[in-house]
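**Q** Have a look at this one.
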Amino acid sequence: MNAPPTFESFLLFDGEKKITREQDTKVPNAAVFTINKEDHTLGNMIRQQLLKDPNVLFAGYKNPHPMENKVVLRIQTTSDYAPNDALMNSITDLISELSLFEERFREGLKDKQDRID
């Protein structure tokens, strides 16, 4: 089979960075972030979180090829807000939302188990 070994889809190789950043020279206040060893799940969650920010003018992502485990995220912001800051704030907010979701899920699961017992 031509599929790469499964561990290559989530383990970083020596010297490989999780996130790399490139300045977008065609558009003002824009950057392209490449997130290695991730897929549409994380790319879409970050994009959705970025679009909630009123200072973000554009947020989009793509998976260059189905066999490549990376996501390319393009962010454009207003002139007084850096794309790096937008990404960091969106990740922080996303972590908070997911923590709240996990807490509510555990409470709901506990309530359901209590009703069964």
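The values are calculated or read from the model by the stated rules, or taken from the named source; none is laboratory data. The shown structure was predicted, so the numbers you read here are calculated from the model rather than taken from an experiment. Counting neighbours? That spans all protein chains shown, and the Cβs are built from the backbone with ideal geometry, glycine included. Side chains are part of the model used for accessible areas, which takes the heavy atoms of the whole protein and leaves out ligands, DNA and RNA. Shrake-Rupley method; radii C 1.70, N 1.55, O 1.52, S 1.80 Å.
**Q** So, R0 is 25 Å and r is the distance between the beta-carbons of ILE116 and SER96; what FRET efficiency does that work out to, to 0.05?
**A** 0.20
**Q** Taking the simple approach of a point 7 Å from Cα along Cα-to-Cβ for both LYS62 and LEU11, what is their distance in nm?
**A** 3.1
**Q** Enter the per residue convex hull volume of the chain, computed from alpha-carbon coordinates, in Å³ rounded to the nearest integer. Write out the running numbers ahead of the final one.
**A** Details: hull volume 18.1 nm³, N = 117.
Dividing the Cα hull volume of the chain by its residues yields 155 Å³.
**Q** Count neighbours as other Cβ atoms within 10 Å of each site's Cβ, and list the GluC sites (Glu not before Pro) in segment 1-71 that are DSSP loop with at most 15 such neighbours.
**A** GLU16, GLU68
**Q** Determine Rg/Rh for segment 59-107; Rg is computed over alpha-carbon atoms and Rh is the Kirkwood hydrodynamic estimate from the same atoms.
**A** On the way: Rg = 14.8 Å, Rh = 13.1 Å.
With Rh from the inverse mean 1/r over Cα pairs, Rg/Rh is 1.13.
**Q** Can you give the calculated 222 nm mean residue ellipticity of the chain, where each DSSP H run of n ≥ 4 adds -39,500 (n - 2.57) and the sum is split over every residue, rounded to the nearest 500 deg cm²/dmol?
**A** After summing the helix terms and dividing by residue count, I get -14000 deg cm²/dmol.
**Q** What part of the accessible area of the chain, given as a whole %, is carbon or sulfur when the probe is 1.4 angstrom? Show your work: numbers first, answer last.
**A** Values: 4610 of 8440 Å².
That share works out to 55 percent.
**Q** Starting from segment 12-49, pick out the trypsin sites (Lys or Arg not before Pro) whose DSSP state is loop and whose Cβ has at most 12 other Cβ atoms within 10 Å. Can you show the working numbers first?
**A** Values: sites: LYS17, LYS18, ARG21, LYS26, LYS37, ARG47; in loops: LYS17, LYS18, LYS26, LYS37.
Here the sparse-neighbourhood loop sites are LYS17, LYS18, LYS26.
**Q** Is there a quick way to get the dipole size of the chain? I mean about its Cα centre, with the Cβ of Lys and Arg at +1 and of Asp and Glu at -1; what is the value in debye to the nearest 20?
**A** It works out to roughly 280 debye.
**Q** Give me, ordered by chain and number, the residues 5 or more places off GLU38 or on other chains with an amide H under 5 Å from its own placed amide H.
**A** LYS70, VAL71
**Q** For the chain, build the charge dipole from Cβ charges (+1 Lys, Arg; -1 Asp, Glu) around the Cα centre, then report which of GLN76, ASN36, GLN49 sits farthest towards its positive end.
**A** Ranked along the dipole, the leading option is GLN76.
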